[in-house]
Amino acid sequence: GESVGLHLPTLSVQEGDNSIINCAYSNSASDYFIWYKQESGKGPQFIIDIRSNMDKRQGQRVTVLLNKTVKHLSLQIAATQPGDSAVYFCAENRPRSQGNLIFGKGTKLSVKP
Amino acid sequence: KAGVTQTPRYLIKTRGQQVTLSCSPISGHRSVSWYQQTPGQGLQFLFEYFSETQRNKGNFPGRFSGRQFSNSRSEMNVSTLELGDSALYLCASSFSLQETQYFGPGTRLLVL
């Protein structure tokens, strides 16, 4: 039968505003989390990561927050630029016995100039 | 340092054929993972190799196989292609197991 594409959540922001992209993960044993950015026609690009012994990590214009109590991860992008338009994926790294990187469905960020 | 490279970038095959995709990891990286990305299923893990050994395998049929060479380069093979195998196949390399993975640009496979 005909396959149905994933309906990606979309976040639309104005250039210069801050963006917050959220992600829920499923496995409480996951110990490492990564955010990737994927532009059209390209492979996912590493943005920032965080280990489970931390609850916040900052990079250049990006901050990742980890809430292990509710198994929630967020990516904050400051002063969003048109070049930030892409699909953003969170990925959880489960302990070796449970498999490799598990990716979320992704969020499409659209930046309006 | 050069990034992960994948060849070919685009491929068109017909049902029943087989295909081999190639991946060269970042220099010094010894672990290579393969993923399939489709609009319907998103990014799904295929397998992971380290030191020429498959360390982990996703939930794909036996038509999907791979290998890794002594120089850490990896190939994946899909036999008896089906229409549903049309996808972007992504390779990612990392220094070791459980380390940050860096992705290549992917090989877009279209099965007719």
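The values are calculated or read from the model by the stated rules, or taken from the named source; none is laboratory data. Predicted model, so just to flag it, every value in this text is computed and none were measured. Positions of Cβ are backbone-derived with ideal geometry, glycine not excepted, and every protein chain shown enters the neighbour counts. In case anyone asks, the SASA skips ligands and DNA or RNA and just uses the protein heavy atoms, side chains included. Shrake-Rupley method; radii C 1.70, N 1.55, O 1.52, S 1.80 Å.
Quick look at the numbers
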quantity: Single residue of the stretch B:45-55 satisfying the filter (touching a Ser or Thr at 6+ places or on another chain (Cβ under 8 Å) and open to solvent by less than 60 Å² (accessible area, probe 1.4 Å)) that is nearest to A:Gln38 (Cα to Cα); calculated: B:Phe45
quantity: Failed item in (1) loosely packed, with under 15 Cβ neighbours inside 10 Å; (2) of a type outside the set (S, T, N, Q); (3) in contact with a Leu (Cβ under 7 Å, 6 or more places away or on another chain), with B:Lys13 passing the rest; calculated: (1)
quantity: Hey, A:Leu109 open to solvent by less than 30 Å² (accessible area, probe 1.4 Å) and within 13 Å of chain B (Cβ to nearest Cβ) or not; calculated: no
quantity: Any hit, the stretch A:94-106, residues being touching a strand residue (DSSP E or B) at 6+ places or on another chain (Cβ under 6 Å), among the charged types (D, E, K, R), part of a strand (DSSP E or B) and closer than 28 Å to B:Trp34 by Cβ; calculated: no
quantity: Some residue of the stretch A:68-91 being within 25 Å of B:Phe50 (Cβ to Cβ), surrounded by 14 or more Cβ atoms within 10 Å (Cβ to Cβ), under 15 Å from the mean Cα position of the chain (by Cα) and among the acidic types (Asp, Glu); calculated: no
quantity: Per-region count, the stretch A:41-63, residues of a type in the set (Gly, Ala, Ser) and within 11 Å of chain B (Cβ to nearest Cβ); calculated: 2
quantity: B:Asn56, sole failed condition from (1) closer than 23 Å to A:Ile48 by Cα; (2) modelled with pLDDT under 95; (3) in contact with a strand residue (DSSP E or B) (Cβ under 6 Å, 6 or more places away or on another chain); calculated: (1)
quantity: Qualifying residue in the stretch B:33-40 (condition: open to solvent by 40 Å² or more (accessible area, probe 1.4 Å) and more than 11 Å from every other protein chain (Cβ to nearest Cβ)); calculated: no
quantity: Tabulated pairs, the stretch B:80-91, first within 12 Å of chain A (Cβ to nearest Cβ), second in a loop (DSSP other than H, G, I, E, B) and open to solvent by 30 Å² or more (accessible area, probe 1.4 Å), C-beta under 7 angstrom, 6+ apart or interchain; calculated: B:Leu83/B:Arg15
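Listed here are the residues, each with its yes/no results for (1) farther than 19 Å from A:Ile102 by Cβ; (2) modelled with pLDDT under 95.
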| position | (1), (2) |
| --- | --- |
| A:Gly5 | yes, yes |
| A:Val13 | yes, no |
| A:Gly16 | yes, no |
| A:Lys37 | no, no |
| A:Lys56 | yes, no |
| A:Leu75 | no, no |
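Residues checked against (1) closer than 22 Å to A:Gln45 by Cβ; (2) free of Cβ contacts under 8 Å to residues at least 60 places away in the same chain; (3) among the polar types (S, T, N, Q):
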| residue | (1), (2), (3) |
| --- | --- |
| B:Ser22 | yes, yes, yes |
| B:Pro39 | yes, yes, no |
| B:Phe45 | yes, yes, no |
| B:Asn56 | no, yes, yes |
| B:Met76 | yes, yes, no |
